[in-house]
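The values are calculated or read from the model by the stated rules, or taken from the named source; none is laboratory data. No experiment lies behind these values; they were computed from the predicted model shown. Virtual Cβ from ideal backbone geometry, glycine too; neighbours counted across all protein chains shown. Heavy atoms of the whole protein, side chains included, go into the accessibility calculation; ligands, DNA and RNA do not. Shrake-Rupley method; radii C 1.70, N 1.55, O 1.52, S 1.80 Å.
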Amino acid sequence: MLGRTLREKTGSRAVVAHACNPSTLGGRGRRISEFEASLVSAALKQGQVTPTELCKQCLSLIRKTKYLNAYITVSEEVALKQAEVSEKRYKQGQTLGDLDGIPVAVKDNFSTSGIETTCASNMLRGYIPPYNATVVQKMLDQGALLMGKTNLDEFAMGVSLFKLIHAVLKTEYKWGDGEMRLCRAYARAEVLSSVPSSHTESGSTDGVFGPVKNPWTYSKQYRERSRQDAREDSHWLISGGSSGGSAAAVAAFTCFAALGSDTGGSTRNPAAHCGVVGFKPSYGLVSRHGLIPLVNSMDVPGIFTRSVDDTAIVLGVLAGHDPKDSTTVKDPVMSATIPGVMDVSRLCIGIPKEYLVPELSSEIQSLWSQAADLFESEGAKVIEVSLPHTWSSIVCYHVLCTSEVASNMARFDGLQYGHRSAVDVSTEAMYAATRQEGFNDVENYENYFVKAQKVRRLIVKDFVNVFESGVDVLLTPTTLTEAVPYLEFIKEDNRTRSAQDDIFTQAVNMAGLPAVSVPVALSNQGLPIGLQLIGRAFHDQQLLAVAKWFEKQVQFPVIKLQDLMDDGSLVLENGKLTSASLTQ
């Protein structure tokens, strides 16, 4: 039984028995920033804590965890002003919603009015947008406090992945009947070993502002089990990418929710590595307006939180048609709440056989099997299913990325905004030099694009066939392994493995489906392991309901950042604040 096994293995997170009763918040004297947003929102409404106190505590934690490099920009003055206005609303009984007074963070590839937006690239250093991305504006309209912009791989992809795509497109392809047939040698990543430098999968290490360090590097759990010196830089762990800054910010309690983006797993991958919930909504459910595009047909805003309930709350705020984004649907917006009771016995859970790959760690494989057993023990029907174009999807994804990235990068010409080269021989020379200085060259391989689109339709059909057969949700791993040390990550054999991580996540983006990574247990090294649930298109609420049930069964433990525990921060004891002092 997975639920019992994991509780015995890791030690469970204390279950909040009365989630709607704020007095239960302080039973163990936990710092208020450690709680879920839904509980803190209730505490705010009851006057147990003010938005300003909450904001100051999160700002204090941002300063204390600066070594994580999770933030590119900290908008302290903006957040404090927002908290002051929020506090007045609470005193007047005119709150805007469940996010009013709740600290949040935003990945630095979303436009924010008056706040620098860099995409972690020299190309956009100093660029201050005149408008907010729709998702940012929606959160601000609900009274959320914007703590800052989080770190990422350059343009949410990383320059080394551009090199990977260049190498991939030199690989031998065989086409027939509209399907890309590729030799297993590539599938086992022989080609990837020829990539000239750096790693091949985003790990939030490729931005110009430096890498993001995983908070679990400094956790009591990891220190005790791995016997590593947490302050020894050579042992720091990657946070995953490309939204690693947002995942680390939520994991380290510096905010209660954060926006990421997800093009091929960039929300779910770091969520799994950082032990938080990472959600990718159905394509078209949430507006992309103001998200600086990477791959238009796959990009979606992603959500990081510390609970599935919080994810549902944020999704309820963000979802809906946007006239500024023609890809958003006009269907009624889903409810911000998900059912408290889930009848698992009525579900059919699919296990894709192609996802059982040799590179999958034995620990994750075991937990995946236990999770399937858990659903089955509760009466769910668990069956093996096939997604036959899984291996083709890896290459198809990179071909489509190349074409769309090249198209999107063309807008950065140095004339309207962003970096401009000093080369003045000619306009054409200035264009070329600007792009070379701002980011690596990217070639558009148009000859492959149409064929890859045909393969994409076959991949989509795989999912359609599975769900039409009666499957409600797919259960898969999120990553091949737990988070690894940076020095290990950049080794040749490990960049191969890292690129293969996409096998579990990128096909979902090509099919436009919702997916969520839920943290389930700690590895033998004391690091988070996440599993992924994939749902039918626009059945996001059903998917989150299943994820909530699953989350409750496994009861993932809270990260213990021991060096932050005795900092004089706001602590709730039996429903009352016991300290109002903040270490600056």
Output for the stretch 287-335, where each listed residue is open to solvent by 20 Å² or more (accessible area, probe 1.4 Å) and either under 20 Å from ILE115 (Cβ atoms) or part of a strand (DSSP E or B) (or both): ARG288, HIS289, ILE292, PRO293, VAL317, LYS324
Number of the exception - ALA258 against (1) part of a strand (DSSP E or B); (2) modelled with pLDDT under 95: (2)
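Considering each residue of the stretch 556-573, count those that are more than 20 Å from the chain's Cα centre (by Cα) and modelled with pLDDT of 90 or more, and give that number. Please lay out each step first, then the result.
The first filter runs over the stretch 556-573 and keeps only residues more than 20 Å from the chain's Cα centre (by Cα), leaving 560-573.
Filter again for modelled with pLDDT of 90 or more, leaving 560.
Going through the stretch 556-573 one residue at a time, the tally reaches 1.
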Residues within the stretch 103-156 that are open to solvent by 10 Å² or more (accessible area, probe 1.4 Å) and either polar (S, T, N, Q) or part of a loop (DSSP other than H, G, I, E, B) (or both), tallied: 14
Among (1) surrounded by fewer than 24 Cβ atoms within 10 Å (Cβ to Cβ); (2) small (Gly, Ala, Ser); (3) within 23 Å of PHE155 (Cα to Cα) - the single one ALA247 does not satisfy: (1)
Selection from the stretch 535-553 of residues that are open to solvent by less than 10 Å² (accessible area, probe 1.4 Å) and touching a helix residue (DSSP H, G or I) at 6+ places or on another chain (Cβ under 6 Å): GLY535, LEU544, ALA547
Where GLY530 falls short, out of the listed (1) touching a Gly at 6+ places or on another chain (Cβ under 7 Å); (2) open to solvent by less than 10 Å² (accessible area, probe 1.4 Å): (1)
Conditions (1) touching a Ser or Thr at 6+ places or on another chain (Cβ under 9 Å); (2) at pLDDT 85 or above; (3) part of a helix (DSSP H, G or I): number failed by ALA545: (1)
Residues satisfying the stated conditions in the stretch 39-81, i.e. part of a strand (DSSP E or B) and either on the phi > 0 side of the Ramachandran plot or not hydroxyl-bearing (Ser, Thr, Tyr) (or both): ILE72, VAL74
Qualifying residue in the stretch 295-312 (condition: within 15 Å of the chain's Cα centre (by Cα) and among the acidic types (Asp, Glu)): yes
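Against the definition (surrounded by fewer than 20 Cβ atoms within 10 Å (Cβ to Cβ), of a type in the set (S, T, N, Q) and either modelled with pLDDT of 75 or more or not in a loop (DSSP other than H, G, I, E, B) (or both)), how does GLN525 come out, yes or no? Spell out the reasoning first.
Working: surrounded by fewer than 20 Cβ atoms within 10 Å (Cβ to Cβ): yes; of a type in the set (S, T, N, Q): yes; either modelled with pLDDT of 75 or more or not in a loop (DSSP other than H, G, I, E, B) (or both): yes.
Answer is yes for this residue.
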Candidate set from the stretch 73-102 (those that are over 21 Å from VAL317 (Cβ atoms) and touching a Gly at 6+ places or on another chain (Cβ under 7 Å)); member that is least open to solvent (accessible area, probe 1.4 Å): THR73
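Residues of the stretch 131-159 being of a type in the set (Ser, Thr, Tyr) and touching a helix residue (DSSP H, G or I) at 6+ places or on another chain (Cβ under 7 Å), which ones? Lay out the reasoning, then the answer.
The initial filter retains those residues of the stretch 131-159 that are of a type in the set (Ser, Thr, Tyr), namely 131, 134, 150.
Within the stretch 131-159, THR150 is the sole residue that qualifies.
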Those residues of the stretch 357-387 which are surrounded by 16 or more Cβ atoms within 10 Å (Cβ to Cβ) and in a loop (DSSP other than H, G, I, E, B), in sequence order: VAL357, LEU360, SER361, GLU378, ALA380, LEU387
